[in-house]
Amino acid sequence: MCSTCGCGQPDEAVKILRPGEEEIEPEHIDNEHPHAHIHDHHHHHDHHHTHSSTRIDLEQNILQENNLLAERNRGFLEAKQVFAINMVSSPGSGKTTILEETIKILKPEIWLSIIEGDQQSMNDANRIAATQVPVVQVNTGKGCHLDAHMILHAIKKLELKNDSILFIENVGNLVCPAMFDLGENKRVVIISVTEGEDKPMKYPYMFDSSHVCIINKIDLLPYVNFNIEVVKEYASRINHHLEFFEMSAVTGEGMEAWIEWLKAQVKNT
């Protein structure tokens, strides 16, 4: 998997930038092979078993190294009493909008730092920079997730302070980010009401590895066929420890409970 989805790309393919440091030029995008990031999970019968074993060993080694670095990140963050949240979702769920609205409410009370993850562009980092909080953009190139090594280097570019919150907005993807511990305290999976009730059943590993599930865009419920209780039931079958928050980041409905939860986490860090 890691050799086909882009996770095994050279370190120099990953860009970690503050807004204004450098813009990603279009020619950096692989136009010749625009679909090179797509996973190929089909097993071709002409593969030799030795080749398959080598690939499995490589993935295990990558995850072991990542987990060691994640523990290093976790120890550093705990020493500074920084509460770290790994925000994961499919593209378009509203992660960045939730962050923007959360920052507006919490900024006067708590020091906030942000790491943005995308394959290309500074778009989300620029949106967050407009709120006047420290932010770093990680462009993963062909990679489909953030990993602990990227977070380690991104943290070095941030002004982390004690008793603060670090939000990590992962690459929009409900598959690969589930495998990679970043050193976070909590993993928050976001699903919008426009995505369908069966997301937890289709992507169980992400919901199983998360601590919180935000159901976003509830202001659109009158216009879509979506039952909140059904999606909660599906998600709870996979992970009965999940905490749920229903909200609309656009209208502000439901944000208060989310904000109070965040404040409580900082106090307990």
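Only the coordinates and a few stated rules stand behind these numbers; no lab work does. Please read all numbers here as calculations on a predicted model, not as lab measurements. Methodologically, a virtual Cβ is constructed for each residue, glycine included, from the backbone with ideal geometry; neighbour enumeration extends over all protein chains shown.
When only Cα pairs under 8 Å and 6 or more residues apart are kept, what is the percent relative contact order across the range 142-222? Don't jump to the answer; show the numbers that get you there.
Numbers: 79 pairs, mean separation 25.0, N = 81.
Rounded, it is 31 percent for the range 142-222.
Among 76-86, 205-215, 243-253, what's the highest-first ranking by average C-beta atoms within 10 angstrom per residue? Could the numbers behind the result be given before it?
Values: 76-86: 18.6, 205-215: 20.8, 243-253: 17.0.
Packing order, densest peptide first, comes out as 205-215, 76-86, 243-253.
Given contacts defined as C-alpha pairs under 8 Å and at least six residues apart, what's the relative contact order of the range 62-268, whole-number percent?
26
With 10 angstrom as the radius, rank Val88, Val175, Val138 by how many other C-beta atoms surround their C-beta, starting from the fewest.
Values: Val88 30, Val175 16, Val138 26.
Starting with the residue having the fewest Cβ neighbours, the order is Val175, Val138, Val88.
log10 I(q)/I(0), Debye, Cα-only the range 62-268, no solvent, q = 0.18 Å⁻¹?
Relative scattering, expressed as log10 I(q)/I(0), comes to -1.36.
Around Ile85, with a cut-off of 12 angstrom between Cβ atoms, what is the net charge of the other residues, counting Lys and Arg +1 and Asp and Glu -1?
Around Ile85, the charge tally is +1.
Quick one: net charge around Asp147, please, counting Lys, Arg +1 and Asp, Glu -1 for every other residue with C-beta under 10 Å from its C-beta. Intermediate values should be presented prior to the final figure.
Details: positive: none; negative: Glu65, Asp181.
Computed value for this residue: -2.
Using the structure shown, select from Lys104/Lys199; Lys202/Lys267; Lys157/Lys199 the pairs with a Cα to Cα distance greater than 32 angstrom. Write out the running numbers ahead of the final one.
Values: Lys104/Lys199 29 Å; Lys202/Lys267 35 Å; Lys157/Lys199 35 Å.
In this structure, Lys202/Lys267; Lys157/Lys199 lie more than 32 Å apart at Cα.
What list do you get for His153, His241 if you sort them by fewest beta carbons within 10 Å? List each step's numbers first, then the result.
On the way: His153 13, His241 9.
Final ranking by Cβ density, sparse to dense: His241, His153.
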